[in-house]
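The values are calculated or read from the model by the stated rules, or taken from the named source; none is laboratory data. In this text the structure is predicted, and so the values were computed from the model without any measurement. All Cβ positions, even for glycine, are placed from backbone atoms using ideal geometry, and neighbour counts span all protein chains on display. Keep in mind that these areas ignore ligands, DNA and RNA; they rest on the heavy atoms of the full protein, side chains included. Shrake-Rupley method; radii C 1.70, N 1.55, O 1.52, S 1.80 Å.
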Amino acid sequence: MLAKLGLHADWDYLLHLPLRYEDETRITPIAQLAPGVDAQVEGEIVDVEIVRRGRRQLIARLRDASGELLLRYLHFYPSQLKQLAVGRRVRAFGPVRGGALSSDFGFEIVHPRVRPVEHGAPVPSALTPVYPTAAGVPQAWLRMRIARALRDVDIDDTLPGALRERCGLAPLAEALRYLHAPPPGADLTRLADRSHPMWTRIKFDELLAQQLSLRTARLARAQRRSLPLAGDGALTRRLLAALPFTLTQAQQRVWSEIEADLAASVPMHRLVQGDVGSGKTVVAALAAARAIEAGYQTALMAPTEILAEQHFRRIALWLEPLGVRVVWLAGRLKPADKRAAQAHVAGGEAQLVVGTHALIQQKVAFAKLGLAIVDEQHRFGVAQRLALRGAGIDGADAVAPHLLMLSATPIPRTLAMSYYADLDVSVIDEMPPGRRPVVTKLVSTRRRDEVLARIRAEVARGRQAYWVCPLVDENEEADAKLELTAATRMYEQTRALLPELRLGLLHGQLPAQEKAAAMQSFAAGAIDVLVATTVVEVGVDVPNATLMVIEHAQRFGLAQLHQLRGRVGRGAEQSYCVLLFDEPLSETARERLKVIFETDDGFEIARRDLLLRGPGELLGARQAGVPLLRFADLERDTALLESARDAAAELLERAPEAARRHVERWIGRRQAMLDA
Ligand code: ADP
Ligand code: MG
């Protein structure tokens, strides 16, 4: 139970801070009680009985010099009966309310905390902390254990005095003692919202620990060796010459940044960020070609098999004519074929290996992996584990592969400074030429007929359409069986509406082979309308599709809507995105649809998303592989984060031993848990 709460050593207890406080420093005369506030009273039990009013309850009457009060228990133990024996002197603490069930008494406390006292016993001199806890760890035990840690531990400050004063921070010992046991009259509001100066010190330390560990990881990476991937440039030149287009300036700039990284003997750790459709794939292909011409293997990973397959087809189309051996690793390969593919990878004949994250990470031994590319990498943890694993295979002074990540999701500045601090970022901030912005329309479900007419018109002109529908409400977990029936029902409905068109169905529960088949016939133009769940969300590229219809659009998140819309507008034709919404719209749904209607800039959308939702949910921060913040709040504490970042650099430089102790204190065991 304690481990679950992260409580192992004394320092874990010291940093286990109260959620709120109870004021037991005062005793209120019963005559002065007011309903709706927590209060402590002291008196003698003058009556106790078990009554049945609907259910069994225990009611005791407490009397002091000024009046009487009821203590009521709807659940109780025999021990409580003993504690409340007539004649006992007790202190009772809890929320006071008007005695609804008894007309003869003014007030009562339901489920008060009661303790026996001697007449005239002193009251506590500090507020009573209420700690976060779990079943099996009694609050009273936690209080005692933490008080002991406060007594026993020599709380040395890891911040040098000068630095602490420059940042205007309280000494650590003072902050901890204050927060665990604030004096009577402390500002409870500022303690509750953690804007109290004593909280500021704690939040600073937490952010500092995070910054220190990220910085240390970065330094450690800089110590590792990797293979400089240079080569003679023949393959990359031929690839560039064979492309049906020339790179945009942004693509060119990002490619040269990658080129420089690859040529270094420190492993690359770079994220390429570019809005949907900005052309990240070709940049990845160039990086792969560079590794290959230098004599090494490249692994290209995508989160889903559909996307991996699409990469495989596209990149194979580019690289195979140039003599590159590309291997496709899919879950649905026949065992014999899979073994053969794995053997080619292990033997080194396969130069480019394409597959899903899961497949490549778990099952494949590379002969000489030089570069790993991870597409649509929202979950940074995967990449980190991969990099770690690269080190693990070859031993401690291993040669680590270069790592290139691609993402369409922009990272807000605060996240970039925290979770993603150990990352170089390149941005493709320009769209390929000739793109016409997608026209977005908001249409009520009541006007669905107009949308059907639009689909028929597009198909008549030889174009294709997506029809996307969410299967479950945004708050529900997707259930496989539910998804299957809903997808099938959706398909039947659409077919009834558009009987003369060729429809395909794509959803998450289809066997991989059928998924690929549906995707392929859509790409080949054999299907007019692809009815799909959000499996098309990420990365699918069919330039002839010019219409995206999103049903129940109000149920999708902003990032999802943006990704979905990005599936069209990939060719030279004018494309449309129709957001079909159901009425009435909730306030937030209306707000979201308004954002997507007003702008098609992924960065602006991410910014507005952050405003609407807060950063916690974004980018699956939980997966980030860095301990989550318990006390600081990235959005509210940005200024504090900035000074912690500067302090981290200074501390590592001037007082590395203190820095080490600081991280140990805050992250030590938690880090080990996360790594496992
Ligand atoms: P994303 O960044 O979303 O992964 P893709 O790499 O799938 O985008 O590229 C989107 C489309 O744009 C593809 O059809 C691709 O071939 C095309 N494309 C990429 N770069 C250029 C360019 N410089 N000029 C013209 N078309 C390009
Ligand atoms: Mg892509």
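Within the set of pairs 6+ apart or on separate chains, which have a first residue in the stretch 244-258 that is away from ligand 1 (no atom under 12 Å from the Cβ), a second that is open to solvent by 20 Å² or more (accessible area, probe 1.4 Å), and C-beta atoms under 6 Å apart?
From residues that are away from ligand 1 (no atom under 12 Å from the Cβ), there are no pairs.
Of all residues in the stretch 542-598, which are within 23 Å of L452 (Cβ to Cβ) and of a type in the set (V, I, T)?
Listed by number, the residues that qualify are V542, T546, V549, I550, V568, V578, I596.
Which residue out of L58, L33, L19 is under 50 Å from the mean Cα position of the chain (by Cα) and open to solvent by less than 10 Å² (accessible area, probe 1.4 Å)?
Values: L33 fails: open to solvent by less than 10 Å² (accessible area, probe 1.4 Å); L19 fails: open to solvent by less than 10 Å² (accessible area, probe 1.4 Å).
Result: L58 is the single residue among L58, L33, L19 that is under 50 Å from the mean Cα position of the chain (by Cα) and open to solvent by less than 10 Å² (accessible area, probe 1.4 Å).
Which is out of contact with any helix residue (DSSP H, G or I) (no Cβ under 8 Å at 6 or more places or on another chain), within 16 Å of ligand 2 (Cβ to nearest atom) and more than 30 Å from R630 (Cα to Cα), of A288, A308, A241, A302?
Answer to the check: A308.
Given (1) more than 16 Å from ligand 1 (Cβ to nearest atom); (2) surrounded by fewer than 21 Cβ atoms within 10 Å (Cβ to Cβ), where does Y296 come up short, assuming only one miss?
It is condition (2) that Y296 fails.
S125 is checked against (1) assigned to a loop (DSSP other than H, G, I, E, B); (2) open to solvent by 50 Å² or more (accessible area, probe 1.4 Å); (3) more than 30 Å from E206 (Cβ to Cβ) and fails just one. What number does that condition carry?
For S125, the exception is condition (3).
Would you check if there is a residue in the stretch 221-228 being in a strand (DSSP E or B), open to solvent by 10 Å² or more (accessible area, probe 1.4 Å) and either at pLDDT below 95 or in contact with a helix residue (DSSP H, G or I) (Cβ under 8 Å, 6 or more places away or on another chain) (or both)?
Keep residues of the stretch 221-228 that are in a strand (DSSP E or B), which gives 225.
The next check asks that each one be open to solvent by 10 Å² or more (accessible area, probe 1.4 Å); those that pass are 225.
From what's left, either at pLDDT below 95 or in contact with a helix residue (DSSP H, G or I) (Cβ under 8 Å, 6 or more places away or on another chain) (or both): 225.
Within the stretch 221-228, one or more residues are in a strand (DSSP E or B), open to solvent by 10 Å² or more (accessible area, probe 1.4 Å) and either at pLDDT below 95 or in contact with a helix residue (DSSP H, G or I) (Cβ under 8 Å, 6 or more places away or on another chain) (or both).
I want to confirm something. Restricting to the stretch 244-271 and keeping residues that are within 12 Å of A287 (Cα to Cα) and assigned to a loop (DSSP other than H, G, I, E, B), which single residue is most open to solvent (accessible area, probe 1.4 Å)?
Checked the stretch 244-271; the qualifying residue most open to solvent (accessible area, probe 1.4 Å) is A263.
Output the residues belonging to the stretch 271-293 that are away from ligand 1 (no atom under 15 Å from the Cβ) and in contact with a strand residue (DSSP E or B) (Cβ under 6 Å, 6 or more places away or on another chain).
The answer is A291, and nothing else.
Which of the numbered conditions does A284 fail, given that it passes all the others? Conditions: (1) part of a helix (DSSP H, G or I); (2) at pLDDT 90 or above; (3) open to solvent by 10 Å² or more (accessible area, probe 1.4 Å); (4) not hydroxyl-bearing (S, T, Y).
Answer for A284: the failing condition is (3).
Could you tell me whether any residue of the stretch 419-429 is open to solvent by 60 Å² or more (accessible area, probe 1.4 Å) and either in contact with a strand residue (DSSP E or B) (Cβ under 6 Å, 6 or more places away or on another chain) or modelled with pLDDT of 70 or more (or both)?
Applying the first criterion (open to solvent by 60 Å² or more (accessible area, probe 1.4 Å)) to the stretch 419-429 yields 425, 429.
Now narrow it down to the ones that are either in contact with a strand residue (DSSP E or B) (Cβ under 6 Å, 6 or more places away or on another chain) or modelled with pLDDT of 70 or more (or both): 425, 429.
The answer is yes; a qualifying residue exists.
Filter the stretch 166-208 down to the residues that are charged (D, E, K, R) and assigned to a helix (DSSP H, G or I) and list them by number.
Once the filter is applied, which keeps residues that are charged (D, E, K, R) and assigned to a helix (DSSP H, G or I), the stretch 166-208 yields R166, E174, R177, R190, R201, K203, D205, E206.
Does the stretch 61-74 contain any residue that is of a type in the set (K, R), part of a strand (DSSP E or B) and open to solvent by 20 Å² or more (accessible area, probe 1.4 Å)? First the steps, then the outcome.
Of the stretch 61-74, the ones of a type in the set (K, R) are 61, 63, 72.
Checking the rest, the ones that are also part of a strand (DSSP E or B) come to 61, 63, 72.
Still in the running and open to solvent by 20 Å² or more (accessible area, probe 1.4 Å): 61, 63.
Yes, the conditions are met somewhere in the stretch 61-74.
Could you list, in sequence order, the residues of the stretch 111-144 that are of a type in the set (A, V, I, L, M) and modelled with pLDDT under 90?
A134, A135
Which numbered condition trips up L530, out of (1) assigned to a helix (DSSP H, G or I); (2) in contact (Cβ under 8 Å) with a residue 24 or more places away in the chain?
If we test L530 against (1) assigned to a helix (DSSP H, G or I); (2) in contact (Cβ under 8 Å) with a residue 24 or more places away in the chain, just (1) comes out false.
Which one of the conditions (1) within 16 Å of ligand 2 (Cβ to nearest atom); (2) β-branched (V, I, T); (3) not in a loop (DSSP other than H, G, I, E, B) does T546 fail to meet, given that it meets all the rest?
If we test T546 against (1) within 16 Å of ligand 2 (Cβ to nearest atom); (2) β-branched (V, I, T); (3) not in a loop (DSSP other than H, G, I, E, B), just (1) comes out false.
I'm checking my understanding of the structure. Among residues of the stretch 430-459 that are aliphatic (A, V, I, L, M), at pLDDT 90 or above and more than 26 Å from A589 (Cβ to Cβ), which one is most open to solvent (accessible area, probe 1.4 Å)?
In the first step, residues of the stretch 430-459 are kept if they are aliphatic (A, V, I, L, M); the result is 431, 438-439, 442-443, 451-453, 455, 457, 459.
The next check asks that each one be at pLDDT 90 or above; those that pass are 438-439, 442-443, 451-453, 455, 457, 459.
Narrowing further to those that are more than 26 Å from A589 (Cβ to Cβ): 457, 459.
Working: A457: 50, V459: 26 Å².
Across the stretch 430-459, the extreme among qualifying residues is A457.
Checking A621 against (1) closer than 30 Å to R446 by Cα; (2) modelled with pLDDT under 80; (3) small (G, A, S): exactly one of these is not met. Which one?
(1)
What is the number of the single condition among (1) under 29 Å from P433 (Cβ atoms); (2) open to solvent by 50 Å² or more (accessible area, probe 1.4 Å) that G323 does not meet?
Single failed check for G323: (1).
Can you tell me which of V130, V117 is more than 32 Å from the chain's Cα centre (by Cα), closer than 30 Å to L33 by Cβ and β-branched (V, I, T)? If you could, list the steps in order and put the result at the bottom.
Values: V130 fails: more than 32 Å from the chain's Cα centre (by Cα).
Selected residue: V117, the only one of V130, V117 that is more than 32 Å from the chain's Cα centre (by Cα), closer than 30 Å to L33 by Cβ and β-branched (V, I, T).
In the stretch 549-573, what count of residues is obtained for those that are part of a loop (DSSP other than H, G, I, E, B), within 16 Å of ligand 1 (Cβ to nearest atom) and open to solvent by 30 Å² or more (accessible area, probe 1.4 Å)?
Going through the stretch 549-573, the residues part of a loop (DSSP other than H, G, I, E, B) turn out to be 551-552, 556-557, 566-573.
Okay, now just the ones that are also within 16 Å of ligand 1 (Cβ to nearest atom), so 566-573.
Filter once more, keeping what is open to solvent by 30 Å² or more (accessible area, probe 1.4 Å): 570, 572-573.
Of the residues in that region, 3 qualify.
Going through the stretch 510-534 one residue at a time, which ones are open to solvent by 30 Å² or more (accessible area, probe 1.4 Å), farther than 28 Å from R446 by Cβ and either within 16 Å of ligand 2 (Cβ to nearest atom) or outside the structural domain of R590 (by TED's automatic domain parsing) (or both)?
A523
Among (1) modelled with pLDDT of 90 or more; (2) outside the structural domain of L452 (by TED's automatic domain parsing), there is one condition A606 misses while meeting the rest; what is its number?
(1)
Is it the case that some residue within the stretch 570-591 is within 16 Å of ligand 2 (Cβ to nearest atom), more than 11 Å from T440 (Cβ to Cβ), touching a residue at least 60 places away in the same chain (Cβ under 8 Å) and within 25 Å of the chain's Cα centre (by Cα)?
Among the residues of the stretch 570-591, not one is within 16 Å of ligand 2 (Cβ to nearest atom), more than 11 Å from T440 (Cβ to Cβ), touching a residue at least 60 places away in the same chain (Cβ under 8 Å) and within 25 Å of the chain's Cα centre (by Cα), which makes the answer no.
Can you tell me how many residues in the stretch 177-198 are under 31 Å from the mean Cα position of the chain (by Cα), open to solvent by 70 Å² or more (accessible area, probe 1.4 Å) and small (G, A, S)?
Here the count works out to 1.
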